[in-house]
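K.L.:
What follows is a structure written as structure tokens; I'll ask about it next.
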Amino acid sequence: MKSDIEIARSIELTKIKQVAANYGMPLEHVTHYGRYMAKVSEEIIDEEKVKKSNLILVTAITPTKAGIGKTTVSIGLALGLNKIGKKAICALREPSLGPCFGMKGGAAGGGYAQVLPMEKINLHFTGDFHAITSAHNMIAALLDNYMYQNQDNGFAMKEVLWNRVLDVNDRGLRYIITGLGGKTNGITRESSFDITPASEIMAILCLAKDENDLRRRIENILLGFTIDNKPFTVKDLGVAGAITVLLKDALSPNLVQTTEATPAFVHGGPFANIAHGCNSVLATKLAMTFGDYVITEAGFGADLGAEKFYDIKCRKAGLQPKLTVIVATAQGLKMHGGVELEKIKEPNMEGLREGVKNLDKHIENLQSFGQTVVVAFNRYANDTDEEINFVRQHCEEMGVGFAVNNAFAEGGAGAVELANLVVDTIENNPSEPLKFAYDDEDSVEVKVAKVACELYGAKQVLFGPAARKKLKMIEELGFSHFPICIAKTQYSFSTDPKLYGVASGFNFTVRDIVINAGAEMLVIVAGEMMRMPGLPKEPQALHIDIVNGQIEGLS
């Protein structure tokens with residue numbers, strides 16, 4: 001089979017204005033970024049149409065380094081729905097350059113279920129990530145300048161909470177010192193870098209309902225505390241207007257197409273292990289304005305992305321998903337069943353029987369939100385009929401719908417079984433209204449305990465000294481009602497990335513809490529989770545190149 005990038009190049013793309021016109025999008029609200037990409041104005045969102053559209057969340061079992069293929073399934077489901085005569089659109093996140101040149105090599109789907117033009121989407125795209133990075137760092141530079149210029153007037157910061165970001169995996173920037181080399185270089189202090197997908201500006205862009213809300217949230221960003229212990233915000237800095245200007249174009253969702261010319265909104269890119277893991281509310285609502293069925297995804301496993309999709313995105317945007325699809329693979333299940341990574345491609349029914357416990361735990365969690373759940377078995381070439389039939393029978397015994405997805409190899413035709421299951425389930429057994437994992441009025445400690453103990457399986461939650469200090473700060477600032485966004489390893493229910501399967505009875509340790517007053521959420525940093533990833537021993541950058549004028553190595 002051809003590589004992802006070879007398949008992407010073999011597809012004859014439809015001009016983006018035609019893709020938009022085919023789904024009734026008024027062309028005067030479509031701004032072209034070349035022939036095959038565009039931005040669509042958020043002003044044409046129709047809330048009445050949003051209420052009538054069928055929103056479908058795609059999530060997954062706990063991921064492994066072998067991959068699960070959640071984006072491929074999301075795109076494949078949109079293709080399959082269109083194949084059976086439904087009007088479907090997908091709404092996805094934008095890839096980050098960090099993983100593209102680090103572990104993954106790309107995040108635009110795979111095989112014959114991709115969003116295109118793949119190379120542009122995986123690289124600089126329409127410039128949204130650069131705008132977010134620039135806006136975030138502009139605030140940092142303006143804050144440093146304000147402290148420097150006003151130090152003779154007695155102004156000083158007791159604590160600075162705002163750092164810098166970069167869309168590159170760079171462990172060397174996790175902890176830094178700025179202002180070295182002389183008085184004119186600014187005030188010497190400790191600081192740090194996060195990766196751009198963890199930026200509060202990214203979260204704000206993804207949660208803002210319009211330009212006015214974007215500006216309001218930017219104004220509310222908490223930068224730190226002055227020497228007399230008063231909170232200091234972007235509004236106090238007086239630059240919210242300038243930051244909004246930098247983000248004006250980035251706010252509008254990006255329109256591209258799939259391998260079968262299905263519209264796809266690709267907008268925003270927070271990671272789910274260190275941020276809230278969902279594409280923008282505006283992109284989802286635009287898709288729901290023009291699509292009868294809208295497929296969106298939330299990053300990593302259901303314990304991370306799906307929980308945050310419900311408890312943060314849906315809570316704040318008033319969205320009600322009709323169905324949740326959970327993606328599983330034989331390889332992933334076998335790894336959670338104790339099979340070594342090097343042997344997961346080999347048949348192993350014992351490992352599979354043990355591994356489905358991870359799937360069962362995720363299904364139980366999703367159902368606790370009132371969701372109807374179906375399982376999409378993402379087929380790989382080495383999967384056996386015995387393995388597939390075992391998982392099918394297991395799901396049937398649980399009363400959960402099951403379908404094999406083969407969109408990677410066959411495009412929309414390979415997702416017809418899944419598409420039919422999705423339509424039938426929504427028509428006959430749609431999800432109940434969302435039941436959140438916690439209430440707004442719960443204390444922060446209670447919110448964390450409800451997620452960690454009831455969804456993850458922890459025995460108790462322990463708060464370290466830095467986190468305890470932040471809890472007191474949050475209470476004094478009146479931010480306890482914010483939803484929580486837990487930052488933890490994606491490879492386990494616990495904070496230990498090597499504790500596969502279904503972890504239980506563990507201590508869940510909270511190291512720190514990041515106050516996102518503009519995004520209106522609290523980032524709970526658990527275990528050893530870092531908000532700036534490092535590069536692997538053999539980064540994908542070693543395989544990315546231009547050969548005879550064509551890009552190679554992306555996927």
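K.L.:
Checking residue 383 against (1) touching a helix residue (DSSP H, G or I) at 6+ places or on another chain (Cβ under 6 Å); (2) at pLDDT 95 or above, which test does it fail?
P.N.:
The failed condition is (2).
K.L.:
Identify the residue in the stretch 488-513 that is touching a residue at least 40 places away in the same chain (Cβ under 8 Å) and within 17 Å of residue 337 (Cβ to Cβ) and, among all such residues, is surrounded by the fewest Cβ atoms within 10 Å (Cβ to Cβ).
P.N.:
Only one residue tops the list, namely 504.
K.L.:
Filter the stretch 317-334 down to the residues that are out of contact with any helix residue (DSSP H, G or I) (no Cβ under 6 Å at 6 or more places or on another chain) and in a helix (DSSP H, G or I) and list them by number.
P.N.:
Across the stretch 317-334, the qualifying residues are 331, 332.
K.L.:
Based on what the data block shows, is residue 52 touching an Asp or Glu at 6+ places or on another chain (Cβ under 9 Å), buried (at least 22 other Cβ atoms within 10 Å of the Cβ) and among the basic types (Lys, Arg)?
P.N.:
When the stated conditions are applied, residue 52 does not pass them.
K.L.:
If the requirement is being hydrophobic (A, V, I, L, M, F, W, C), in contact with a strand residue (DSSP E or B) (Cβ under 7 Å, 6 or more places away or on another chain) and at pLDDT 95 or above, which of these qualifies: 390, 402?
P.N.:
Result: 402 is the single residue among 390, 402 that is hydrophobic (A, V, I, L, M, F, W, C), in contact with a strand residue (DSSP E or B) (Cβ under 7 Å, 6 or more places away or on another chain) and at pLDDT 95 or above.
K.L.:
Six or more apart or on different chains, Cβ under 6 Å: which pairs go from a residue in the stretch 330-354 that's open to solvent by 70 Å² or more (accessible area, probe 1.4 Å) to one that's of a type in the set (S, T, N, Q)? Could you list them?
P.N.:
Taking only residues 6 or more apart or on different chains, the pairs are 345/382; 347/384.
K.L.:
Still on this structure, I have one more. Please specify each residue of the stretch 465-487 satisfying the condition of being surrounded by 18 or more Cβ atoms within 10 Å (Cβ to Cβ) and not hydrophobic (A, V, I, L, M, F, W, C).
P.N.:
470, 480, 483, listed by residue number.
K.L.:
Out of 358, 365, I need the residue that is more than 15 Å from residue 57 (Cβ to Cβ), at pLDDT 95 or above, outside any loop (DSSP other than H, G, I, E, B) and not hydrophobic (A, V, I, L, M, F, W, C). Which one?
P.N.:
Checking each option against the conditions leaves just 358.
K.L.:
Among the residues of the stretch 437-464, which ones are under 14 Å from residue 514 (Cα atoms) and surrounded by fewer than 20 Cβ atoms within 10 Å (Cβ to Cβ)?
P.N.:
Result: 464, single match.
K.L.:
Of everything in the stretch 15-29, what is closer than 19 Å to residue 49 by Cα, part of a loop (DSSP other than H, G, I, E, B) and free of Cβ contacts under 8 Å to residues at least 60 places away in the same chain? Give them in sequence order.
P.N.:
26
K.L.:
Also, quick follow-up: Between 195, 227, 187, 176, which is open to solvent by 60 Å² or more (accessible area, probe 1.4 Å), over 30 Å from residue 413 (Cβ atoms) and in contact with a strand residue (DSSP E or B) (Cβ under 7 Å, 6 or more places away or on another chain)?
P.N.:
On the way: 195 fails: open to solvent by 60 Å² or more (accessible area, probe 1.4 Å); 187 fails: in contact with a strand residue (DSSP E or B) (Cβ under 7 Å, 6 or more places away or on another chain); 176 fails: open to solvent by 60 Å² or more (accessible area, probe 1.4 Å).
On inspection, the qualifying residue turns out to be 227.
K.L.:
Based on this model, can you work out whether residue 62 counts as modelled with pLDDT of 95 or more, in a loop (DSSP other than H, G, I, E, B), crowded, with 24+ Cβ neighbours inside 10 Å and in contact with a Phe, Trp or Tyr (Cβ under 9 Å, 6 or more places away or on another chain)? Give the derivation first.
P.N.:
Details: modelled with pLDDT of 95 or more: yes; in a loop (DSSP other than H, G, I, E, B): yes; crowded, with 24+ Cβ neighbours inside 10 Å: yes; in contact with a Phe, Trp or Tyr (Cβ under 9 Å, 6 or more places away or on another chain): yes.
In short, yes.
K.L.:
Still on this structure, I have one more. Any residue at all in the stretch 422-429 that is of a type in the set (Ser, Thr, Tyr) and open to solvent by less than 20 Å² (accessible area, probe 1.4 Å)?
P.N.:
Yes - at least one qualifying residue is present in the stretch 422-429.
K.L.:
List the residue pairs whose Cβ atoms are under 9 Å apart, where the first residue sits in the stretch 386-397 and is without any contact (Cβ under 8 Å) to a residue 12 or more places away in the chain, the second is open to solvent by 10 Å² or more (accessible area, probe 1.4 Å) and not in a helix (DSSP H, G or I), and the two are 6 or more positions apart or on different chains.
P.N.:
These pairs meet every condition: 393/402; 396/402.
K.L.:
Shifting gears a bit: Yes or no: the stretch 310-329 includes at least one residue that is within 13 Å of the chain's Cα centre (by Cα), surrounded by 23 or more Cβ atoms within 10 Å (Cβ to Cβ) and over 15 Å from residue 431 (Cα atoms).
P.N.:
yes
K.L.:
With the condition kept exactly as written, say whether any residue in the stretch 76-94 is at negative phi, surrounded by 24 or more Cβ atoms within 10 Å (Cβ to Cβ) and of a type in the set (S, T, N, Q).
P.N.:
No, there is no match, as no residue in the stretch 76-94 is at negative phi, surrounded by 24 or more Cβ atoms within 10 Å (Cβ to Cβ) and of a type in the set (S, T, N, Q).
K.L.:
So in the stretch 198-211, with the set limited to residues that are assigned to a loop (DSSP other than H, G, I, E, B) and surrounded by 15 or more Cβ atoms within 10 Å (Cβ to Cβ), which one is nearest to the chain's Cα centre (by Cα)?
P.N.:
Filtering first and then ranking leaves 199.
K.L.:
Please enumerate the residues belonging to the stretch 420-447 that are under 30 Å from residue 259 (Cβ atoms) and within 23 Å of the chain's Cα centre (by Cα).
P.N.:
Within the stretch 420-447, 422, 431 meet the criteria.
K.L.:
Just one of (1) open to solvent by 20 Å² or more (accessible area, probe 1.4 Å); (2) within 30 Å of residue 541 (Cβ to Cβ); (3) assigned to a strand (DSSP E or B) trips up residue 159, so point out which.
P.N.:
(2)
K.L.:
Also: Output the number of the condition that residue 268 fails; it satisfies all remaining conditions of (1) more than 30 Å from residue 452 (Cβ to Cβ); (2) in contact with an Asp or Glu (Cβ under 7 Å, 6 or more places away or on another chain).
P.N.:
Unmet condition: (1).
K.L.:
I'd like to verify a number: residues in the stretch 372-413 that are farther than 23 Å from residue 62 by Cβ and open to solvent by less than 10 Å² (accessible area, probe 1.4 Å), how many?
P.N.:
Residues flagged as farther than 23 Å from residue 62 by Cβ and open to solvent by less than 10 Å² (accessible area, probe 1.4 Å) within the stretch 372-413 amount to 2.
The values are calculated or read from the model by the stated rules, or taken from the named source; none is laboratory data. What you see is a predicted model, and the numbers here were worked out from it, not measured in a lab. Neighbour counts are summed over all protein chains in view; Cβ atoms, including those assigned to glycine, are modelled from backbone coordinates with ideal geometry. Please note that ligands, DNA and RNA were not included when accessible areas were found on the heavy atoms of the full protein model with its side chains. Shrake-Rupley method; radii C 1.70, N 1.55, O 1.52, S 1.80 Å.
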